[in-house]
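Undergrad: Dropping the structure in here first, questions after.
The values are calculated or read from the model by the stated rules, or taken from the named source; none is laboratory data. Just so you know, these numbers come straight off a predicted model, no measurement behind them. As a convention, Cβ positions derive from the backbone with ideal geometry for all residues, glycine included, and neighbour counts pool all protein chains shown.
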Amino acid sequence: MIAAPIPHDDAQRVENLDSYLLLDTPFEAVFDEIASLAAKICGVPYALISLVAKDRQWFKAAHGLKDMRETPRDISFCGHAILQDDILHVPDTLEDARFSDNPFVTGELSIRVYAGMPLTSEEGYKLGTLCVLSDQPARLSDLQLESLKQLTAVLSALLKARKREARLALLGQVLNQLDDEVMLVDARSMECMYANSAACAAHGCADNSLNGRRLADVVQADADAGRLIEMLHTGRRDKVLLEQLRGAPGSEQRNVELRMQRLTQNGLQVIVAIGHDVSEQKRLEQARADLHDNLEKRNQELSRAYAKLSEEMAIAREMQQRFLPGPKCIDTVRFDWLFRASSYLGGDIFDYFPLGERHLCFYVIDVSGHGLSAALLAFYAQRQMYSARAEMLHLLHEKQGDIGEAASRLVQGFNERFASMTESGLYLTMVYGILDRDSGEVALVQAGHPPALLCKPGSAVVEPIGDGGLPIGILDHAEFESHRLRLTPGMRLYLYSDGVPDCANREDEAFGQERMERVLAQTCGRPLPEVREAIDQALTDWHGGDDGYKDDVTFLSLEFGANRQLRLSTGLPN
């Protein structure tokens with residue numbers, strides 16, 4: 001026995017066979033009759049419709065062999081037949097080396113005659129054969145062989161039709177699983193040809209009961225919808241979109257969007273109608289519209305509130321500016337300052353004022369944070385400092401004019417009051433100073449604030465005074481030390497908030513302590529207003545000036561003149 005070789009494209013051939021959905025299906029009368037007719041024409045006892053799968057040949061019809069459904073492929077006759085285009089006719093299997101020792105020849109069936117015509121698919125693959133067999137050697141006539149070919153052609157056409165029918169059935173099953181309504185309508189008669197389960201259920205009908213009904217009646221079209229459907233019917237429009245409200249009065253209503261399109265296929269003109277429930281989409285659209293309206297209303301309210309708040313904040317800022325001291329002289333001490341708020345209201349405050357006939361007080365305070373909360377806290381601190389003037393004089397008297405002890409004790413008391421009144425977590429830094437106008441002695445208390453800078457006449461070097469200290473409001477019983485120094489005429493002190501060295505440019509790089517000190521060194525011999533203008537211009541150039549500063553900027557200058565005793569002894573006015 002010689003087994004038939006496997007074709008090079010056998011995998012594609014088997015895949016094509018599987019697409020016909022015939023393997024392992026029950027016997028069917030139409031196939032049985034074709035096999036019976038083939039046996040009668042050829043005058044043999046057996047006829048098969050054989051499908052050659054990967055490892056077996058399976059019989060869709062088996063005339064004379066009712067109990068046989070499949071055999072191994074490697075011993076099959078049909079495995080050889082599908083290798084050629086024409087009929088394979090073996091008059092006597094015992095004389096053919098391929099089959100002489102085949103089990104079907106040597107076994108109980110004793111097959112001696114085989115004639116099989118390849119069964120070719122519409123894609124060109126050999127799926128199997130229509131074959132006849134006999135246990136008696138004989139040569140079939142040309143008429144019999146030609147008839148076998150013709151029956152095979154009929155069988156091929158049947159398989160093709162069955163495949164398309166199976167595909168349509170599968171398509172119908174798929175369409176019936178859809179939630180959308182699907183209908184096919186004859187474009188000439190406008191009668192429904194097909195409706196899936198969803199369409200039938202939507203119109204209260206059993207499956208297939210919509211067939212034959214006119215489209216306008218099925219969708220219950222009103223005058224406007226009927227006019228659009230008629231335009232689709234006459235070909236004046238290829239597409240139509242209808243929106244319908246479904247559901248009985250008093251029950252939940254559904255919005256259905258019905259899209260209809262006219263198509264032509266193989267001369268057949270049809271209208272495809274697909275209905276999609278857009279109730280949820282409509283609900284969401286309405287919800288979005290309501291939300292948009294609410295947001296628009298809220299935005300308008302917020303805009304009005306913001307405009308009112310901006311107006312009130314502008315008034316508050318103007319009032320805050322009025323509280324700032326003006327550049328002036330107190331006796332022989334000259335002052336000048338620069339202030340830039342980071343927002344409407346600043347968290348920096350500063351002031352200077354006489355303290356009795358001999359002393360002078362000055363300070364710079366920087367409240368942590370920005371905006372309204374920092375500004376309110378700054379107002380509180382300023383009020384406390386103003387109301388503490390009597391306390392300052394009392395401390396000076398108590399400490400017998402020791403300005404260092406008085407300054408330390410005053411800042412300590414201020415810290416105790418501030419820590420007790422706020423639980424917000426805010427704190428402030430400050431540098432506080434008392435100047436003896438007679439002697440030029442100064443006491444500075446630094447509470448977490450950048451150090452003051454001392455500039456001597458004729459020197460291009462600025463000297464930092466102080467080394468930090470604890471901010472106000474961190475510990476309620478903190479102690480603060482004072483730094484003492486003596487000013488001679490022409491000496492200057494510069495006090496500032498960290499908004500000056502921390503001023504950032506577009507690359508977020510800080511202006512820095514070194515740049516600030518360099519500007520001060522370059523302007524050491526100039527009048528105080530020119531020093532202020534130089535600092536202001538340097539910060540503006542560095543920052544870029546596109547928007548506000550990130551932090552409040554405060555820069556306070558103090559220049560000591562001739563002391564009061566010298567002025568009195570020389571007769572100069574106070």
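Undergrad: I'd like the full set of residues that are surrounded by 15 or more Cβ atoms within 10 Å (Cβ to Cβ) and more than 13 Å from Leu159 (Cα to Cα), limited to region 11-26.
TA: Selection gives Arg13, Val14.
Undergrad: Further question on the same structure: Of all residues in region 497-533 being outside any helix (DSSP H, G or I) and among the basic types (Lys, Arg), which is nearest to Ser368 (Cα to Cα)?
TA: Per the criteria, the residue is Arg506.
Undergrad: Let me ask something additional. Among the residues of region 193-221, write down those that are in a strand (DSSP E or B) and within 19 Å of Gly235 (Cβ to Cβ).
TA: Scanning region 193-221 gives Met193, Arg214.
Undergrad: Could you look through region 261-281, keep only residues that are without any contact (Cβ under 8 Å) to a residue 40 or more places away in the chain and surrounded by 15 or more Cβ atoms within 10 Å (Cβ to Cβ), and pick out the one that is farthest from Glu191 (Cα to Cα)?
TA: Ser279
Undergrad: From the list Ala161, Ala157, which residue is among the hydrophobic types (A, V, I, L, M, F, W, C) and within 30 Å of Leu215 (Cβ to Cβ)?
TA: Ala161
Undergrad: Sticking with this structure for a sec: Taking interchain pairs and intrachain pairs at least six residues apart, which have beta carbon atoms under 6 angstrom, with the first residue in region 506-519 and without any contact (Cβ under 8 Å) to a residue 12 or more places away in the chain and under 10 Å from Val462 (Cβ atoms) and the second surrounded by fewer than 16 Cβ atoms within 10 Å (Cβ to Cβ) and not charged (D, E, K, R)?
TA: Listed by first residue and then by second, the contacts come to nothing, as the list is empty.
Undergrad: Has region 534-548 got at least one residue that is closer than 23 Å to Asp351 by Cβ, in a loop (DSSP other than H, G, I, E, B) and modelled with pLDDT under 90?
TA: No, region 534-548 contains no residue that is closer than 23 Å to Asp351 by Cβ, in a loop (DSSP other than H, G, I, E, B) and modelled with pLDDT under 90.
Undergrad: Among the residues of region 27-43, write down those that are of a type in the set (Gly, Ala, Ser) and surrounded by fewer than 17 Cβ atoms within 10 Å (Cβ to Cβ).
TA: Residues satisfying the conditions are Ala29, Ser36, Gly43.
Undergrad: Please find, among Ala221, Ala198, Ala216, the residue that is surrounded by 11 or more Cβ atoms within 10 Å (Cβ to Cβ), modelled with pLDDT under 80 and not assigned by TED's automatic domain parsing to the domain that holds Leu21.
TA: Being surrounded by 11 or more Cβ atoms within 10 Å (Cβ to Cβ), modelled with pLDDT under 80 and not assigned by TED's automatic domain parsing to the domain that holds Leu21 holds for just one of Ala221, Ala198, Ala216, which is Ala221.
Undergrad: Based on this model, can you work out whether Leu495 counts as surrounded by 15 or more Cβ atoms within 10 Å (Cβ to Cβ) and either farther than 25 Å from Asp348 by Cα or at pLDDT below 95 (or both)?
TA: no
Undergrad: Can you find a residue in region 452-471 that is closer than 21 Å to Cys361 by Cα and hydroxyl-bearing (Ser, Thr, Tyr)?
TA: Looking for residues that are closer than 21 Å to Cys361 by Cα and hydroxyl-bearing (Ser, Thr, Tyr), one finds none in region 452-471, hence no.
Undergrad: If only one of Ser387, Ser368, Ser373, Ser342 is modelled with pLDDT under 90, surrounded by fewer than 21 Cβ atoms within 10 Å (Cβ to Cβ), over 21 Å from Leu470 (Cα atoms) and touching a Phe, Trp or Tyr at 6+ places or on another chain (Cβ under 8 Å), which one is it?
TA: Exactly one of Ser387, Ser368, Ser373, Ser342 is modelled with pLDDT under 90, surrounded by fewer than 21 Cβ atoms within 10 Å (Cβ to Cβ), over 21 Å from Leu470 (Cα atoms) and touching a Phe, Trp or Tyr at 6+ places or on another chain (Cβ under 8 Å), namely Ser342.
Undergrad: Filter region 44-58 down to the residues that are exposed (fewer than 14 other Cβ atoms within 10 Å of the Cβ) and in contact (Cβ under 8 Å) with a residue 24 or more places away in the chain and list them by number.
TA: Listed by number, the list holds a single entry, Lys54.
Undergrad: Could you identify the single residue in Lys160, Lys149 that is assigned by TED's automatic domain parsing to the domain that holds Arg112, in contact with an Asp or Glu (Cβ under 6 Å, 6 or more places away or on another chain) and within 30 Å of Ala47 (Cβ to Cβ)?
TA: Lys160
Undergrad: Taking into account only those residues within region 222-251 that are outside any helix (DSSP H, G or I) and of a type in the set (A, V, I, L, M, F, W, C), which is farthest from Ala201 (Cα to Cα)?
TA: Here the residue is Val240.
Undergrad: Give the residue, chosen from Ala504, Ala521, that is loosely packed, with under 15 Cβ neighbours inside 10 Å, in contact with a strand residue (DSSP E or B) (Cβ under 9 Å, 6 or more places away or on another chain) and either of a type outside the set (Phe, Trp, Tyr) or outside the structural domain of Gly448 (by TED's automatic domain parsing) (or both).
TA: Every option except Ala521 fails the conditions.
Undergrad: Further, regarding this structure: Tell me whether region 410-431 contains one or more residues that are over 24 Å from Asp348 (Cα atoms) and at pLDDT below 90.
TA: No: region 410-431 contains no residue that is over 24 Å from Asp348 (Cα atoms) and at pLDDT below 90.
Undergrad: Filter region 137-183 down to the residues that are under 30 Å from Arg254 (Cβ atoms) and among the polar types (S, T, N, Q), then identify the one that is surrounded by the most Cβ atoms within 10 Å (Cβ to Cβ).
TA: The residue in question is Asn176.
Undergrad: Select, from Phe339, Phe379, Phe353, the only residue that is touching a residue at least 60 places away in the same chain (Cβ under 8 Å) and within 30 Å of Pro529 (Cα to Cα).
TA: On inspection, the qualifying residue turns out to be Phe339.
Results for (1) out of contact with any strand residue (DSSP E or B) (no Cβ under 6 Å at 6 or more places or on another chain); (2) outside the structural domain of Asp142 (by TED's automatic domain parsing); (3) crowded, with 16+ Cβ neighbours inside 10 Å, shown as yes or no for each residue.
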| residue | (1), (2), (3) |
| --- | --- |
| Leu83 | yes, no, no |
| Asp86 | yes, no, no |
| Val90 | no, no, yes |
| Phe99 | yes, no, yes |
| Ile111 | no, no, yes |
| Leu119 | no, no, yes |
| Glu123 | yes, no, no |
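Undergrad: Has region 49-59 got at least one residue that is more than 24 Å from Leu145 (Cβ to Cβ) and among the basic types (Lys, Arg)?
TA: yes
Yes/no matrix, rows are residues, columns are (1) at pLDDT 80 or above; (2) buried (at least 17 other Cβ atoms within 10 Å of the Cβ):
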site: Leu302; (1), (2): yes, no
site: Glu318; (1), (2): no, no
site: Gln321; (1), (2): no, no
site: Pro327; (1), (2): no, no
site: Thr332; (1), (2): yes, yes
site: Asp336; (1), (2): yes, yes
site: Gly346; (1), (2): no, yes
site: Ile349; (1), (2): yes, yes
site: Gly356; (1), (2): yes, no
